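Written below as structure tokens is the structure these notes are about.
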Amino acid sequence: MLIALLFVVILLQVRAYLKLKQKNKLILIQSREIKRQILEQEKRNREVGDLVHEKQQLIGLVSHDLKGPFNRIFALIQLFELSSSSLTSEQREYLGKIHQIVADGLSMIRNLLDNRKLEDQGIEYAPEPLNLFGVLGSLIKNYRNLAQRKKIKILVDPQPNLMVMADRLYLYRIFENLLSNALKFSPENKSIYVSVEQTADLIWVKVKDEGPGISPEDQKNLYRKFQRLSAKPTGGESSTGLGLSIVKALADRMGSTIRCESELGMGTTFSLSLARVTDTGSN
């Protein structure tokens, strides 16, 4: 009887050992499979990273190579416009369309280059005391010329001695994108307003349009890269979907705040905060 009981105990132990061995073998197989999948995923991630890097390099090279010719074409168009009195109305209309196409192309190239530089941490931030409307004057003048083709007015509340602490290039690129957006989404015979509000320490610069407004859904992803709005540009203009993401990135680097107030059918207002400078000894 004792021998039979001992045999049963040994048999149970052997069975338990065999089950444990089988379980360990299964765990080992699963571990190897998981390790293989991890290695494959790491390889795919490296390949994707290499492709993204190559894409950014290609975008940078192509954009850089295109920027020069586009700038020269833009300059030639401006020269033609200076002598537009000798052109027929039809020729002036075609020239205006070419001007718009080239301006769109230059804007897209600048945004692609800015996006690449921001990803590479390549846009140096150099704040200095600046005369706000001294910096923005030529930009506003250029966009007024573009706005005339859509019968849109750009109305400015200029304050000539308004000094801010900012980076000149950052400031220019932020308002270039804000004015470009306002113009793209404004219907004919409307206005764009550029104004300021002042507090003790800050200056808020506002760009307001009378366009279709931005839906609450679009506002949730407003500053995401390659985000296109539901509303369509009113003059068939093109867009990379990078403009507002660049505005946000540059504002953040300056320590500024960018705000959007919009309601469908009521237009949109973008506001940028800038540090106020009380000493006006530099511009």
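The values are calculated or read from the model by the stated rules, or taken from the named source; none is laboratory data. The model shown is predicted, which means the values in this text are computed figures rather than measured ones. Every residue, glycine as well, gets a Cβ built from its backbone with ideal geometry; the counts of neighbours run over all protein chains shown.
Tabulated results
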read-out: Sole exception among (1) small (Gly, Ala, Ser); (2) farther than 19 Å from residue 146 by Cβ; (3) loosely packed, with under 15 Cβ neighbours inside 10 Å for residue 236, by number; value: (2)
read-out: Segment 118-138 - residue that is at pLDDT below 75 and surrounded by 15 or more Cβ atoms within 10 Å (Cβ to Cβ) and, of those, farthest from the chain's Cα centre (by Cα); value: 123
read-out: Unique match (being loosely packed, with under 10 Cβ neighbours inside 10 Å, at pLDDT 70 or above, acidic (Asp, Glu) and not assigned by TED's automatic domain parsing to the domain that holds residue 141) among 90, 33, 40; value: 90
read-out: First in segment 66-77 and under 18 Å from residue 112 (Cβ atoms), second anywhere and modelled with pLDDT of 70 or more and not aliphatic (A, V, I, L, M), Cβ under 9 Å, 6 or more apart; value: 66/105; 67/110; 70/105; 73/105; 74/99; 74/105
read-out: The one condition in (1) outside any helix (DSSP H, G or I); (2) modelled with pLDDT of 90 or more that residue 248 fails to fulfil; value: (1)
